[in-house]
Amino acid sequence: MKITRRKALQLGAFAGGALLLPTGLERISYAQTAVNKFTLPFRRPPVLQPVRSDAQTDYYEITMRKAQVEILPGKSTEIWGYNGITPGPTIIQRAGRQSVVRFINNSLGVPTSTHLHGMASLPQYDGYAEDLTFPGYYKDYYYPNNRAATLWYHDHAIHATARNVYMGLAGMYIVQDQTELDLPLPKGEYDVPLIIQDKQFATNGSLIFDDQGEKSQFGDVIVVNGVPWPRMEVARRKYRFRALNGSISRSYQLSLSTGDSFLMIGTDAGLKPAPVAVKNFRFASGERYEFVIDFSKYPIGTQIILRNTNPKNNDEYSGRTNEIMRFDVVRDAPDDSSVPSQLRAFTPLLASQAVRTREFRYERTNGLWVINGKVWDVNRVDGAPQFGDIEIWRLYNNSGGWFHPIHLHLIDCQILDRNGRAPFSYEVGWKDVFYVGENESIRVIGKFGPNTGKYMQHCHNTVHEDHDMMSQFEVLQ
Ligand code: C2O
Ligand code: CU
């Protein structure tokens, strides 16, 4: 077994007593967190209302600030939050309307760049890593809301994304359209965001950011919508869940403790062509998966744990990171929802439509995370498709020691194959993050548009992104 720096520290800790992290803060033990799993009530981030609206546009304002919040019972934790909360407020918008969101950086003390992940924004509104908004300034971001999907907004500041997101700068953004709203899927209070993250705390309650020497940040406390291992009371009916992996580095393999399957209905970029029953799925940073669980088959009193059977190369903390939250079936409720057998019109892109194939190798060289051997350079473009071109990108990882969730800005893609085989049934559909696992090679296909200009692509383990597994392509006129 390879001894990582973290493991060496832990070994040292067992020998010598307290664990001292590089920050000088001592990590809190599970007992000291005062959390009993599945006792804290589940909650959802508040929905943000526009400050004003006109015929085509809704205007929102979000202030980024530091705040003291209670995450662990009885302890005060400093977070950096959109409107002072983490996750930030949820924006729910209609396709076809425009949003203008004013992100105000008054007192955060660090520069920010806000990316709405999953939106085909113009380059100047895409949260380009070098497009920094300094303390004392704000920036208005224009979003076209071109299609229905579960998106998220998060910080993207150059070399500081992992820390900024870890400290709290992340929130959900949902676009709905009439076609989707007309489907009989569960709606309203039965349409539930699940923002899953992992954190680690010091004995004084503060968050510890420790990227283990620019490798990965793993926490031992799982939070859902900001609450450690919450307990959600559910009725005996169907629920739609919009799961977002908002973790810095951790990936999950999620399943239900009953062993039952559930219906996967959505991927990163919206509804799947058709629902598919799955018993578990692999889930990396930046990905979104939507699924329906039908609790009507369980008697009142049933407790169902959402479990994580750790995928490879994640630091596992036994008894903690293997469980996410619990659903407690507590009441009956009418249910007029259903999951149609067709969810969305879908035309598969064919390899034969592609005008070219590009290859991107994600690897570690000389202590750096690189793409085709190179680190981020604002002045270099790696690939310049013509507007409207369909291309195949082969993404590969020739290591068994880590995995990379690769994110392409601007476009939605489909997975053609994974190691030469069909993609997993749950990842069929439109996606913008691709789990490139250990020694995996996948081919994705997408059409470049609807905008021209420079856009980033990078690993969404944001520690890797920051150091320096990020590149850019330019869509040419
Ligand atoms: Cu969610 Cu460029 O990232
Ligand atoms: Cu990576």
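The values are calculated or read from the model by the stated rules, or taken from the named source; none is laboratory data. Since the model is a prediction, treat every value here as computed from it, not as a measurement. Note that we place each Cβ from the backbone using ideal geometry, even for glycine, and neighbour counts take in every protein chain shown. Side chains are part of the model used for accessible areas, which takes the heavy atoms of the whole protein and leaves out ligands, DNA and RNA. Shrake-Rupley method; radii C 1.70, N 1.55, O 1.52, S 1.80 Å.
Data overview
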read-out: When residues of the stretch 425-477 are limited to those that are more than 11 Å from ligand 2 (Cβ to nearest atom) and of a type in the set (Phe, Trp, Tyr), the one farthest from Leu395 (Cα to Cα); value: Tyr426
read-out: Residues within the stretch 441-474 that are out of contact with any Cys (no Cβ under 9 Å at 6 or more places or on another chain), open to solvent by less than 10 Å² (accessible area, probe 1.4 Å), of a type in the set (Val, Ile, Thr) and more than 16 Å from ligand 1 (Cβ to nearest atom), tallied; value: 1
read-out: Subset tally (residues that are within 16 Å of the chain's Cα centre (by Cα) and farther than 19 Å from Trp402 by Cβ) for the stretch 176-221; value: 7
read-out: Selection count where residues are out of contact with any strand residue (DSSP E or B) (no Cβ under 9 Å at 6 or more places or on another chain) and within 24 Å of Ser251 (Cα to Cα), scope the stretch 433-477; value: 1
read-out: All strands (runs of 3 or more DSSP E) inside the stretch 194-306 with 2 or more residues being over 23 Å from Gly168 (Cα atoms) and at pLDDT 95 or above; value: 231-236, 238-245, 252-256, 262-267, 270-278, 280-283, 288-294
read-out: Candidate set from the stretch 399-422 (those that are outside any loop (DSSP other than H, G, I, E, B) and among the charged types (D, E, K, R)); member that is farthest from Leu151 (Cα to Cα); value: Arg421
read-out: Test for Ala129: is it in contact with a Leu (Cβ under 9 Å, 6 or more places away or on another chain), in a loop (DSSP other than H, G, I, E, B) and either more than 16 Å from ligand 2 (Cβ to nearest atom) or within 30 Å of Lys215 (Cβ to Cβ) (or both); value: no
read-out: Subset of the stretch 264-311 [within 16 Å of ligand 2 (Cβ to nearest atom) and basic (Lys, Arg)]; value: Arg282
read-out: Residue check, Glu438 in contact (Cβ under 8 Å) with a residue 12 or more places away in the chain and more than 16 Å from ligand 1 (Cβ to nearest atom); value: yes
read-out: In the stretch 313-344, residue surrounded by the most Cβ atoms within 10 Å (Cβ to Cβ) [restricted to those that are in contact with an Asp or Glu (Cβ under 9 Å, 6 or more places away or on another chain) and of a type in the set (Ser, Thr, Tyr)]; value: Thr321
read-out: Criterion (over 23 Å from the mean Cα position of the chain (by Cα), part of a strand (DSSP E or B) and in contact (Cβ under 8 Å) with a residue 12 or more places away in the chain) met by exactly one of Tyr138, Tyr60; value: Tyr138
read-out: Residue within the stretch 196-211 that is open to solvent by less than 10 Å² (accessible area, probe 1.4 Å), within 15 Å of ligand 1 (Cβ to nearest atom) and touching a residue at least 12 places away in the same chain (Cβ under 8 Å) present; value: yes
read-out: Where Ser337 falls short, out of the listed (1) without any contact (Cβ under 8 Å) to a residue 40 or more places away in the chain; (2) assigned to a loop (DSSP other than H, G, I, E, B); value: (1)
read-out: Exclusive hit being within 16 Å of ligand 2 (Cβ to nearest atom), open to solvent by 20 Å² or more (accessible area, probe 1.4 Å) and at pLDDT 95 or above, set Gly388, Gly420, Gly373; value: Gly373
read-out: Output for the stretch 168-182, where each listed residue is on the phi < 0 side of the Ramachandran plot, open to solvent by less than 20 Å² (accessible area, probe 1.4 Å) and either part of a loop (DSSP other than H, G, I, E, B) or aliphatic (A, V, I, L, M) (or both); value: Leu169, Ala170, Met172, Ile174, Val175
read-out: Near pairs, Cβ below 7 angstrom, 6+ apart or cross-chain, from the stretch 170-191 (farther than 30 Å from Ala157 by Cα and aliphatic (A, V, I, L, M)) to any residue that is assigned to a strand (DSSP E or B) and open to solvent by 40 Å² or more (accessible area, probe 1.4 Å); value: none
